[in-house]
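Coordinate-derived values only; no laboratory data. The model shown is predicted, which means the values in this text are computed figures rather than measured ones. Here the Cβ is made from the backbone with ideal geometry for all residues, glycine too, and neighbour counts use every protein chain on show.
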Amino acid sequence: MKTMNRLAGKTAIVTGGAVGIGRACVERMAEEGAKVAILDVLEAEGHALAAALAAEGHEAGFWRVDVADEAVVKAAIDDVAARFGGLQVIVNNAGISGSPKHTDQVTEAEWDRVQAVNVKGVFFTTKHAIPHFRSAGGGSVINLSSIAGLVGLGMIAPYHASKGAVRLMTKNDAITYAAEKIRVNSIHPAYIWTPMVENHLRATAPDLEAARAAAGAAHPVGHMGEPDDIAWAVVWLASDEAKFVTGAEIVIDGGYTAR
């Protein structure tokens, strides 16, 4: 694919950037000229992706980060900004689906772990990116919520709560930082064929391929999305093309929530 350099001169961090949607975001942003930092707990996959991008001539690096650990998040963000000469974009993609149980069956520990990654992780990365955005004269925060932050799907109660929280954290931060040219937007995917969705379907259905087909059929377009369907929206929100876009929720769901 021809590089357009839509993100030339920008440094971007992608949490959960080693696989799935995060990996696609890393690859597309690197192709568009950004320096990209991959933050993830998956060390082998993260190092391999950074090495592959470097081999193609892109500036990329991997940092092992559990986004639920504030000190580790801050240290990594500061290190990325020092290494790449600033920071302009954060993609808060790291997330877990958690237990597929009904609300009355979920344990406190299961609930807390999902909130720690999906909500506190977004809080920590945004908090510690803001000083670098101020130094850069602006920035773009792109939060991955979900259709589960817009409508009820049944089950996965902690996940719904977390993604609803991300939706409104996004709007509040958009208002808070708009005057400083720091834009904050959320993306709401439906089912995207990623390791997380595959693992969720394996945990909840005996036949993976049948479950994949059924999940695809739940979307009016008749199939699941692909990671690039999300990554191109991330590229746009990260770019100056979206300079007037803040506090928006970009729904990419094959029509799922249009009913």
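Details
- GLU108/VAL72 FRET efficiency (R0 22 Å; Cβ-Cβ; nearest 0.05): 0.40
- J(HN,Hα) series, the stretch 94-103, from Karplus relation 6.51 cos²θ - 1.76 cosθ + 1.60, nearest Hz, glycine and proline x: 4, x, 10, 7, x, 5, x, 6, 6, 3
- Amide H contacts of VAL36 (H built 1.01 Å from N, under 5 Å, at least 5 apart or other chain): ALA12, GLU59, ALA60, GLY61
- With a simple spin-label model that places each label point 7 Å from the Cα along the Cα-to-Cβ direction, the separation between ARG83 and LEU168 comes to 3.7 nm.
- The Rg/Rh ratio for the stretch 123-177 is 1.08, where Rg is the radius of gyration of the alpha carbons and Rh is the Kirkwood radius.
- Crossing angle, helix 70-84 versus the chain [Cα axis fit, 0-90 degrees, rounded to tens]: 40
- The stretch 87-110 residues near the modelled LEU208 label - backbone nitrogen below 20 Å, point 7 Å along Cα→Cβ: 96-100
- Remark on the chain: Rg and Dmax equal 17.4, 52 Å (Cα only).
- Our analysis of the stretch 51-195 gives Rg over Rh at 1.00, with the two radii drawn from alpha carbon positions and Rh computed by the Kirkwood formula.
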